[in-house]
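Only one structure is covered here, and it is reproduced in the block below.
Readers should treat all values here as calculations from the given coordinates under stated rules, not as data from a laboratory. Quantities reported herein were computed from a predicted structural model and do not represent experimental measurements. Cβ atoms come from the backbone with ideal geometry, glycine included; neighbour counts cover every protein chain shown.
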Amino acid sequence: MRKSQLQKYARLLARVGVNVKKGQTVFIEAALDQPEFVTMVVEECYKAGASEVFVDWSHQPTGKLSSQYRTLESLSELKPWAKAKWEYKAEKYACRLWIESEDPDGMKGLDPEKMSKVRQAIYPQVKPYRQALENNHQWCIAAVPGKAWAKKVFPELSESKAVEAMWKAILAASRADGKNPVKAWKEHNADLRARCDYLNDLGLKFLEYKSANGTDFKVELLDDGVFAGGNEKTLKGRVFNPNIPTEEVFTAPKAGAAEGIVYSTKPLSYMGQLIENFSLRFENGKVVEVKAEKGEELLKKMVSMDEGAGMLGECALIPHGSPISASGILYYNTLFDENASCHFALGRGYNECLKGFEKLTEEQIKERGVNDSMIHVDFMIGSADMSIVGVTKDGKRVQIFENGTWAF
Ligand code: ZN
Ligand code: ZN
C-alpha cells in the first residue's frame, strides 16, 4: 500500500477516530508486527496536539503462552502495574486507540473454561475504571492487516499479496481509500445522523423482525431509548468515532423484553472458535433455547456467563447491501463483519442509548432496562429478505426495513 495513503489513514484515526484534543494523553494498543503504521499514527496524534502518546505493544504468541502456563489464580489478579495504568488512564481521561491486526485463530487451543473464569475474575476489578472513563474519553477501534489474518481471509494468495489485498479491503471498508478520508467521514457521519433523527422522531416501542429463514422476533425498546450511529460525543462534547469502519444505526433494547426466535445468518467467532448455523429462542427477554450446528456447547456457555449474558444489549440496523456486505469478504473480525448485516448483541448495552443517562447512576440505568454483563457479543441475523416493522408508542406500524434494506 502506498505510504501516502497509509498516512491519510493514520491521520483519519487521530483526527476523526479519537479526535485528539490539544494536551491530551493517548494510549494506543497495537501488535508488535505493525511498527511502521503505528509510528505514523503516533506522529499524527502529536500533530493533532497530544501531549503524550503511549503504545502498549502486544504479541499474540507470548500472550497465548501467558494464558496457557500461568495459573488461574495468577491470571485472575489485576497486577499492580496494570492497576496503576488503569488509574492513570481514568485520571487523565486518556484517549484510547486500538489497532487490531491479530490472527483470528491465534488463541485457538486455550481452555475456554479457564478463559471464562479469568474474565469473570478480572471484570469487577477493571469495572470502576471503565465506568470512570465511559462517556468521558474518546476511543476508537480500527484495524491493519496482520500476516496471519490476511492469509486467513485470502488463503489462495501468497502472504505478501494477501497483506496487500487486505490493506485494500480494510481501507475500502473504512472509507479511507479515497483522496480525502476525513471529508468522506464527515459525509458518512451526516448520513447516519439523519437516519437516527428519523428513527428517534418516530417514538418506537417495538421492532418486529421477520425473515424466510425462520426468524420471527419481537423486541421492546427502552422507554427513553435513542438510536445512535457514526460519531459520538463525550459528556464534555468532544466528538469521536468509536469504530472505523461503522455502518450501523443501533439502539439498546429493554433487557428482559423480547419474544420469539432468531436465526444466525453468519458464523460467530467467539474466543477463537466458530459457532455456526445457530438459533436462539427468547422468552421474557431471556434466551431459553440454544441450537447450533457447530459450537453449541460454547454458545451455551457464552449465554450463561452471567445474568445479562442471555439478554440483549444491542439492536443494530445495517442494509444487506452495505459496502462490507457487498464486498463478500468474511473478515473473521467483528469490527468488520458486524457491519455486513443487521445484528443483535448478547450482553452489555450502551448507556448512551438511554436519554438522560448522564444524570443517572449505573443502578438506575440498569433499572430502566439497559442490560449489564461482562460480555458484549454481536451476532448476525440480517438477510436479503429481512423485514423490520417498527411499532410506535401509539400503536402505529412503520416499515423500517424491506427486502434487507432501509425502507425510508
Ligand atoms: Zn453493533
Ligand atoms: Zn455490538
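Structure notes:
- Among F54, W149, L65 the positive-end extreme of the charge dipole of segment 3-173 (Cβ point charges): F54
- Ranked list, fewest to most other Cβ atoms within 10 Å of each Cβ, for V262, V153, V239: V239, V153, V262
- Computed as a quarter of the hull surface, the mean projected area of the alpha carbon convex hull for segment 1-56 stands at 3.5 nm².
- Checking the cross-link pairs K3/K161; K89/K266; K210/K291; K266/K286; K300/K355 against a 28 Å limit on the alpha carbon distance flags K89/K266; K300/K355 as lying beyond it.
- Ellipticity estimate at 222 nm from DSSP helix runs (n ≥ 4, -39,500 (n - 2.57)) divided over the chain, nearest 500: -10000 deg cm²/dmol
- Segment 151-296 pair-distance distribution - Cα-Cα, 10 Å bins, rounded %: 10, 24, 31, 27, 8, 0
- Sorting Y209, Y263, Y198 from the fewest to the most surrounding beta carbons within 10 angstrom yields Y198, Y263, Y209.
- In the elastic network of the chain, a GNM with C-alpha springs shorter than 10 Å, the most mobile of K210, K266, K85 is K85.
- For the chain, with +1 on Lys and Arg beta carbons and -1 on Asp and Glu, the positive-most of W98, V288, Q399 along the dipole: W98
- Charged-residue dipole, Cβ positions (Lys, Arg, Asp, Glu), segment 1-89 about Cα centre, Debye nearest 20: 380
- Inter-label distance for Y88 and K168, nm, one decimal - labels placed 7 Å from Cα along Cα-to-Cβ: 4.2
- Cα pair distances in segment 225-275, grouped into 10 Å bins until the bin that holds the longest one, percent each: 17, 29, 39, 14, 0
- Top positive-direction residue, dipole computed over segment 3-173 with Cβ charges, set L78, A169, G23: G23
- Extension gain for A326 to K108 (0.36 nm times residue separation, less C-alpha to C-alpha distance): 75.6 nm.
- Sorted by Cβ density within 10 Å, fewest first, the residues K89, K83: K83, K89
- Between A190 and K236, the contour length at 0.36 nm per residue exceeds the alpha carbon distance by 14.5 nm.
- Within the chain, the whole DSSP H helices whose Cα atoms reach 15 Å or more along their own axis and whose mean Kyte-Doolittle score is at least 0.0 are 35-47, 159-173.
- Among the listed pairs K168/K236; K366/K393; K64/K152, those beyond 27 Å (Cα-Cα): K168/K236
- Student exercise, the chain dipole from Lys, Arg, Asp, Glu Cβ charges, in Debye to nearest 20: 1140
- Three-way shape call for the chain based on the alpha-carbon gyration tensor, with the a/c threshold at 1.5: rounded
- Debye intensity ratio in log₁₀ form over the Cα atoms of segment 291-408, taken at each q of 0.15 Å⁻¹: -0.85
- The smallest convex shape that holds all Cα atoms of segment 3-173, its convex hull, gives 124 Å³ per residue.
- Segment 3-173, dipole about Cα centre (Lys/Arg Cβ +1, Asp/Glu Cβ -1), debye to the nearest 20: 380
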